[in-house]
Amino acid sequence: MFAIAGLGPTEIGIIAGIIVLLFGAKKVPELCRSLGQGVKEFKHASKNLLEDEEEEKKSEPADESKTG
């Protein structure tokens, strides 16, 4: 029922436990915050890229009619 990338709840729990052991309980929230901020910036950049491509497609026919 609950699976992320083919991992069950037990595997996710084990991975989370290993992360806490490696980085310590105080660093985990900071790591998650940094990861979330990186994902947010990536989404923002990809959205801007798609918007720029759409604007270029809209302006291309107008440019062709001027030269043709």
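Values in this text are rule-based calculations from the coordinates and carry no lab data. Model, not experiment: these values are computed from the prediction. Backbone-built Cβ (ideal geometry, glycine too); neighbour counts: all protein chains shown.
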Under the 0.36 nm per residue contour assumption, what length would be gained going from the current alpha-carbon distance of His44 and Ala5 to full extension? 11.7 nm
Under a crude label model (7 Å from the Cα following the beta-carbon direction), how far is Lys27 from Ile15 in nanometres? 1.9 nm
